[in-house]
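Just below is one structure, and these are the notes that go with it.
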Amino acid sequence: MKHRKARQPLIYSEEFKAAVLAAFPFSKRIRWMFEENSFSLGYSLSEGGVTSVSPALVVSLLETGQHEELLKVARDTVEKKRLYEMWKNEAYI
């Protein structure tokens, strides 16, 4: 497996910043990471809770008839996975 080289200096594009901030509008942590051009932003975007939906949550929402909430959670997960893929393009050469 080929290892990609981290971009130095790491400066996030305005397009990427806007996309992430739209998904996390109230996150002080995310805003701080942008101010610092922090590489660890990628780790935050890839954490298990951010890029996946637990089977238990799916079952619970379906059993309680919360189909619209399940759809919202699934769409959020798709968007966060897309942001992580964008981050990889921002962070690596």
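Every number in this text was worked out from the coordinates using simple rules, so none of it is lab data. Worth saying up front: this structure is predicted, and the values here are computed from it rather than measured. Using ideal geometry, Cβ is built from the backbone for each residue, glycine included, and neighbour counts are taken over all protein chains shown.
Brief remarks follow.
- The stretch 4-55: chymotrypsin sites (Phe, Trp or Tyr not before Pro) in DSSP coil with no more than 10 other Cβ atoms inside 10 Å: 26
- The ranking of 68, 79 from fewest to most other beta carbons within 10 Å of each one's beta carbon is 68, 79.
- Amide H partners (placed H, <5 Å) of residue 92, local residues excluded: 7
- Per-q log10 I(q)/I(0), the stretch 14-91, q = 0.16, 0.23, 0.24 Å⁻¹ (Debye; single scatterer per alpha-carbon; no solvent): -0.62, -1.03, -1.09
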